[in-house]
Amino acid sequence: MLVVRSLAHGVGRPWSLRTAVLAGVGGALGIGTVALLGLLSGAPLLIAPMGSTCMMLFGAPQAPFAQPRNVLGGHLICTVVGLVAVSMLGAAPWAIGVAVGFAMAVMGLTRSFHPPAGGDTVLVMLVQPSWLFLFAPVLLGCVVLLGIALLFHNAHTRGSYPVLEGGPEPHRVVAPGG
């Protein structure tokens, strides 16, 4: 019953038209740039988890999960865990579950939790790529997306991304003397 009510009512407020347009433009620029660079370089840079990361970077840039440490750390941790796990355990369903659970724990312990990165672990376990996968598409894709996010957000709202711990809240106007 609770699930049905949450489907009917949702949570949060709808975005303003400006927010929706900016998020859409940013997301298109982010993924489009990664895809174009992959095409031009011949390196497969676009993987499904990057689409989810893009959603966070441009749809919820102030969220803890969308901060550079979380994006980069989460993707690298999940990829390394997947590469090690598939080499030690194979790709049985139980091994994929163990790897994803372990990756979640490591991300949490390192303050690098980034939910989309869990897809990296699953992808690595299923595809079984070489260790080069860690650099391209994962590291390079993250760096490109983070660079686009940094330029994009700060172009329309200076100082808005990334959110620095202990710093002023982004998009907040502080009255003189307060």
All-but-one check, Pro49 against (1) out of contact with any helix residue (DSSP H, G or I) (no Cβ under 9 Å at 6 or more places or on another chain); (2) open to solvent by less than 40 Å² (accessible area, probe 1.4 Å), failing number (1)
Residue ID - nearest to Cys78 (Cα to Cα), chosen from residues in the range 113-160 that are open to solvent by 10 Å² or more (accessible area, probe 1.4 Å) and of a type in the set (Ser, Thr, Tyr)
Ser130
Could you go through the range 50-69 and let me know if any residue there is in contact with a Lys or Arg (Cβ under 8 Å, 6 or more places away or on another chain), at negative phi and in contact (Cβ under 8 Å) with a residue 24 or more places away in the chain.
yes
Which numbered condition Phe58 misses (of (1) surrounded by fewer than 23 Cβ atoms within 10 Å (Cβ to Cβ); (2) over 13 Å from Val144 (Cα atoms); (3) not acidic (Asp, Glu))
(1)
Of everything in the range 25-45, what is outside any helix (DSSP H, G or I) and either surrounded by fewer than 20 Cβ atoms within 10 Å (Cβ to Cβ) or under 10 Å from the mean Cα position of the chain (by Cα) (or both)? Give them in sequence order.
Gly42, Ala43, Pro44
Quick one: would you say Ser160 is assigned to a loop (DSSP other than H, G, I, E, B) and either at positive phi or modelled with pLDDT of 95 or more (or both)?
no
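The values are calculated or read from the model by the stated rules, or taken from the named source; none is laboratory data. Everything numeric here is computed off the predicted structure, so don't read it as measured data. No Cβ is skipped: glycine too gets one built from the backbone with ideal geometry, and neighbour counts run over all protein chains shown. To get the accessible areas, we keep the full protein, side chains included, count just its heavy atoms, and leave off ligands, DNA and RNA. Shrake-Rupley method; radii C 1.70, N 1.55, O 1.52, S 1.80 Å.
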